[in-house]
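Below is one structure, written out as structure tokens, with a few remarks after it.
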Amino acid sequence: MYRFDDPDPGRAGEFGTCYTANSIEVAFAESVIHEAGRFVAGAYEVPSAELTERSVVQFTCDRRKTLVLADLTGAALKSLGLNNDISALADYSVSQAWAQAIHDADPRWQGIRYVSRQMNKGFAYAIFERSGLKKLRSEKLKVAQLDALCDLFNVTAV
């Protein structure tokens with residue numbers, strides 16, 4: 001289970017969540033490094049297969065051009081009495097409770113915008129299944145893209 005997943009899957013009214021990011025750098029940090037990276041001797045070690053099998057996915061939403069997202073960043077986050085712990089704590093129980101509360105509060109809410117824990121200058125998104133989000137296209141990371149990302153984050157294939 002992940003940060004803004006339904007805390008009680010299998011219940012009536014359960015929801016699915018798709019995680020996206022505002023840039024390829026944030027997506028790489030949140031998925032490849034967070035999921036498969038191990039920081040050893042000043043660099044992230046990531047299995048080669050984790051790097052070469054990754055794809056960049058572009059999504060679309062037929063229902064509307066702009067998704068209605070709960071903003072859990074900046075002043076909006078603070079006005080709820082929260083701080084960035086919701087994006088950073090290793091214990092997901094609080095963030096999952098907020099996801100359920102947002103999801104259940106109003107069917108117009110289609111997801112959550114939050115600060116990336118793995119790259120705090122970027123944003124990540126937890127998009128609820130009901131948003132109508134669909135995969136538009138998917139392509140393998142180009143060698144040049146992968147090399148640039150590995151250089152940026154000091155990643156070594158093992």
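The values are calculated or read from the model by the stated rules, or taken from the named source; none is laboratory data. In this text the structure is predicted, and so the values were computed from the model without any measurement. No Cβ is skipped: glycine too gets one built from the backbone with ideal geometry, and neighbour counts run over all protein chains shown.
General remarks:
- Scanning segment 118-158 for residues that are under 29 Å from residue 42 (Cα atoms) and polar (S, T, N, Q), we see that the one that is nearest to the chain's Cα centre (by Cα) is 118.
- Of the residues making up segment 106-121, those that are free of Cβ contacts under 8 Å to residues at least 24 places away in the same chain and either among the charged types (D, E, K, R) or at positive phi (or both) are 106, 121.
- Strands (runs of 3 or more DSSP E) enclosed by segment 24-66 - at least 3 residues per element that are closer than 30 Å to residue 107 by Cα: 55-61
For every residue, the table says whether it meets (1) within 30 Å of residue 85 (Cβ to Cβ); (2) part of a strand (DSSP E or B); (3) at pLDDT 95 or above.
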position	(1), (2), (3)
120	yes, no, no
125	yes, yes, yes
130	yes, no, no
135	no, yes, no
146	no, no, yes
149	yes, no, yes
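- Considering residues of segment 38-51 that are touching a residue at least 24 places away in the same chain (Cβ under 8 Å) and in contact with a strand residue (DSSP E or B) (Cβ under 8 Å, 6 or more places away or on another chain) only, the residue nearest to residue 129 (Cα to Cα): 51
- Taken together, the residues in segment 20-35 that are crowded, with 19+ Cβ neighbours inside 10 Å and among the charged types (D, E, K, R) amount to 1.
- When residues of segment 87-111 are limited to those that are aliphatic (A, V, I, L, M) and modelled with pLDDT of 95 or more, the one nearest to residue 21 (Cα to Cα): 99
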